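The values are calculated or read from the model by the stated rules, or taken from the named source; none is laboratory data. The structure presented is a predicted model; accordingly, all values stated were derived computationally and were not measured. Here Cβ is always computed from backbone atoms with ideal geometry, including for glycine, and neighbour counts include all displayed protein chains.
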Amino acid sequence: MKKILGCLFAIIILVLNVIPCFAASPALSISSNDYTISKGDTVTISVSLSAESKLTALTFDVKYNPAEFEYVAGSVSSGSLFDSEFVNVIAAGTVRCDGMSNEALSRGGNVVSLKLKAVGNGGKVSVSAVTATDEKFEYKITYTATINDYIGNATVTI
């Protein structure tokens, strides 16, 4: 009986300590304002962060096919989640966004929006975290999110 109670107690402690780690994992998401565009049209891409991420810093890349889209210079709009943010085009097809906060983020929402111009028939756009630092200064890598539907001259539904 003591062994059973000991095992049960160990399982309860494990569950209480492990599950919150997964629940607090920050999640990036990406969305578009329009999915039916033609060559020459622009589309606004928005990147959001889940609530209660507890992040103090985040670096992520927005990726797209440069044969299909080009970044519209000066089109960045900050969501003001972070105290300081900056955006750089680091290579054709990649826009890097960095955010820093003086305190751990306790709310989620839009991190940044930017515009892409269709120079081809369109395609997929994704966001992937490079680094994310939480309030305990632990480095975490969050997952990659993709707009799974084609952005182009065909109507699609998410």
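Okay, residues lined up against (1) in a loop (DSSP other than H, G, I, E, B); (2) at pLDDT 80 or above; (3) surrounded by 16 or more Cβ atoms within 10 Å (Cβ to Cβ):
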| site | (1), (2), (3) |
| --- | --- |
| Val89 | no, yes, no |
| Cys97 | no, yes, yes |
| Glu103 | yes, yes, no |
| Val111 | no, yes, yes |
| Leu114 | no, yes, yes |
| Ala129 | no, yes, yes |
| Ala132 | no, yes, yes |
| Ala145 | no, no, yes |
| Thr155 | yes, no, no |
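Which condition from (1) within 25 Å of Thr36 (Cα to Cα); (2) touching a residue at least 12 places away in the same chain (Cβ under 8 Å) is the one that Ile90 breaks?
(1)
Could you say which residue among Ser84, Ser80, Ser106 is hydroxyl-bearing (Ser, Thr, Tyr) and either out of contact with any strand residue (DSSP E or B) (no Cβ under 9 Å at 6 or more places or on another chain) or closer than 20 Å to Thr36 by Cβ (or both)?
The unique qualifying residue is Ser106.
Would you pick out the residues in segment 47-60 that are surrounded by fewer than 19 Cβ atoms within 10 Å (Cβ to Cβ) and in a strand (DSSP E or B)?
Correct list: Ala57, Thr59.
In segment 28-81, how many are free of Cβ contacts under 8 Å to residues at least 60 places away in the same chain, under 10 Å from Leu114 (Cα atoms) and more than 16 Å from the chain's Cα centre (by Cα)?
5
Counting only residues that are small (Gly, Ala, Ser) and under 25 Å from Gly120 (Cα atoms), how many does segment 56-82 have?
Residues meeting the conditions: 5.
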